[in-house]
Amino acid sequence: MITFETLNELTLKITCQGGRDYIFSKMGAFIAGECYGAKNYKFTKVMLGPEQNFGQALLGQIGRRFTGENLPLMKVEFDGDSVTYYANNQQHVVVYHLQNGEQISVESENILAFTRDCKYGVRFMAQGVISQKGLATSTLTGQGPEAYVAVLIDGNPLVLSNAQSRTTLEADPDAVVCWIGGDPEVRTDLSWRNLIGQSSGESYMFEWKENNPAIVLIQPMERTSGLDVSMDGRRSGNRPTVQSSVSASQSASDLNHLFRNLR
């Protein structure tokens, strides 16, 4: 049996009981481990992808390269009871337990680890025209009782939901980490001002309308991406300096609670 939990907001703790199991994690994310007796876990670089079938793994790797959803992984195999710890550049960690058939859409760079009960894939959204974060997204779908996902976030996350309120949600694609529910539409606000360097800095957005319920996890740090459409060489978005947020542990609880209401 394998369980995921967040430790001190910045570390993923993976407990394996019984052995003979494995998980996938971001390559190089292991920071410590403990077990009785000799070391009973090992690491193997995943050459193609987490898919079980070679043909599917090859096609998956080609798709990830094409869409920019590349996912450098290692396989961690357990052969006994152990506790291992994972982290990445002091980023906050949020753990989510997927139910059977539940799917989370997440940027590949924000995936820290997932169990073998999660089916990984890349799904085309065919929407992104300005941001690099709108063409495709990685997906993880629960296919068993131990379908855990650990997500990385720059800073304490913000959780938004319109599952109950039926409001319209908007978020910068470069700040969106993951969502559960309907896919967003991409709204653009381009004009002649963009061409002369007078952009507002918010020229494109992900939008979930009131009839498209979703739970969205947002980080207070924008990725460096997007298309430069101004004459002064600045990208169409910018980085915020302040954003209110909640703790990573609280957001994990909120995410699970909100999704139960979404079903």
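Here the simple spin-label model places points 7 Å from the Cα toward Cβ, and for residue 103 and residue 164 these points are separated by 2.7 nm. Given R0 = 35 Å, the distance between the Cβ atoms of residue 90 and residue 43 translates into a calculated FRET efficiency of 0.95. Fewest neighbouring Cβ atoms within 10 Å first, the residues 43, 30 line up as 43, 30.
For residue 36, neighbours were defined as the other residues whose beta-carbon sits under 14 Å from its Cβ, and their charges (Lys and Arg +1, Asp and Glu -1) total -2. Distance between the 7 Å Cα→Cβ label points at residue 15 and residue 141: 3.1 nm. Summarising the label geometry, the points placed 7 Å from Cα in the beta-carbon direction at residue 210 and residue 27 lie 4.8 nm from one another. A 25 angstrom limit on the alpha carbon distance is what I want to check against. Which of 13/39; 26/209; 13/209; 39/119 exceed it? In this structure, 26/209; 13/209; 39/119 lie more than 25 Å apart at Cα.
FYI, it's all coordinate maths here, none of it is from the lab. Just so we're clear, the structure is a prediction, and the values are computed from it rather than from any experiment. Cβ sites come from the backbone with ideal geometry, for glycine too, and all protein chains shown count toward neighbours.
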